[in-house]
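Below is one structure, written out as C-alpha cells, with a few remarks after it.
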Amino acid sequence: MTRDRIRRMVLCAMFAALIAAGAFLRIPTPFVPITLQYLFTMLAGLLLGGKDGAAAVCLYVVLGLLGLPVFTAGGGPSYVFHPTFGYLIGFALGTFVTGTLAHRPGGPHTGRLIAASLAGLAIVYLCGTVYYALIMGLYLGTPMGLWQLFFYCVAMTAPGDILLSILGAVLCRRLIPILQRERT
C-alpha cells in the first residue's frame, strides 16, 4: 500500500468520525437545533475531493446502519425507515458534488468553494425532503403538503446551513494549503 493511499484512508476515517461527532454537536435555534453533520460532510468534499469525501460519508452511514449509535437518533438497519434518513443519502451525494465542483481546474478560490458547498447543500435538501415525504406518506401513512414539507425540511434549517457553507468554505480555503504541504 502506498503512503498516499494510507493517508487518504486515514483522512476518510477521520472525517467519518467527525461526521459522527457532528451529529451530536448542536447549535440551538428557535425552531430546530442545527447539527454540525453538514459542516463536516461539506468539509470532507472540499478537502478530500468528491470520491474520498463521499467515501467518508458512506463509511459513516454504513457504521450507523451496522448498529453503532452515530446518527442523531441512534443507529441500526431500521434507521432506513426514519423520515430523516434521506438527509444521510443526501450527505453522500452532496459531498461528492461539492468535492467534484471544488476541485475543478483553476484552483479552489473562495467563491468556487462557496458555490460548491451550496450546490451540495441543495442536493442534501432535495434528497432529504423527497425521502421525508415518501416515508411520511407511504410508510407512516401521514402525508404532508408541499408547504409543510418545505417548512419542516428546508426553511427551518436552511439559514444556518447556508452560514455553515460560507464558514466551511472560508475555513477550507485556509486548510487546503496545510493539507497540500503535508502531501510533500
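Observations, loosely collected:
- Cα long-axis angle, helix 37-48 against the chain (0 to 90 degrees, to the nearest 10): 30 degrees
- Helix-derived mean residue ellipticity, 222 nm - over the chain, DSSP H n ≥ 4, -39500 (n - 2.57), to 500: -22500 deg cm²/dmol
- The range 1-53: translational diffusion in µm²/s, Stokes-Einstein, Kirkwood Rh over Cα pairs, 37 °C, 0.692 mPa s: 276 µm²/s
- Taking every protein chain into account, the accessible area of the range 97-184 amounts to 59 square angstrom per residue (probe 1.4 Å).
- Summarising the label geometry, the points placed 7 Å from Cα in the beta-carbon direction at ALA155 and ALA13 lie 4.5 nm from one another.
- Selection of chymotrypsin sites (Phe, Trp or Tyr not before Pro), the range 1-79, meeting DSSP coil and at most 14 other Cβ within 10 Å: PHE24, PHE31
- Angle in degrees between helix 85-102 and the longest Cα principal axis of the chain, rounded to the nearest 10: 30 degrees
- LYS51 paired with GLN148, simple spin-label distance in nm, labels 7 Å along Cα-to-beta-carbon: 4.4 nm
- R0 of 41 Å, Cβ-Cβ distance ARG104-LEU140: FRET efficiency to nearest 0.05: 0.50
- Taking the chain and dividing mean pair separation by its residue count, relative contact order in percent (alpha carbons under 8 Å, at least six apart): 22 percent
- Projecting label points 7 angstrom from Cα along Cα→Cβ for VAL170 and ALA115 puts them 2.0 nm apart.
- The accessible area of MET9, taken with all protein chains in place and a 1.4 Å probe, comes to roughly 100 Å².
- Of all accessible heavy-atom area on the chain, the percent that carbon and sulfur account for (1.4 Å): 72 percent
- Estimated from the Cβ-Cβ distance and a Förster radius of 30 angstrom, the FRET efficiency linking ILE178 and LEU68 is about 0.50.
- Alpha carbon centroid spacing (whole Å) that separates the range 135-151 from the range 1-71: 28 Å
- Projected area, mean over directions - the range 64-109, Cα convex hull, nm²: 4.0 nm²
- Overall, the chain carries a charge dipole of about 660 debye about its Cα centre when +1 sits on the Cβ of Lys and Arg and -1 on the Cβ of Asp and Glu, all other atoms neutral.
The values are calculated or read from the model by the stated rules, or taken from the named source; none is laboratory data. Note that this is a predicted model, so its numbers are computed, not measured. Backbone-built Cβ (ideal geometry, glycine too); neighbour counts: all protein chains shown. Note: areas computed on protein heavy atoms with side chains; ligands, DNA, RNA excluded. Shrake-Rupley method; radii C 1.70, N 1.55, O 1.52, S 1.80 Å.
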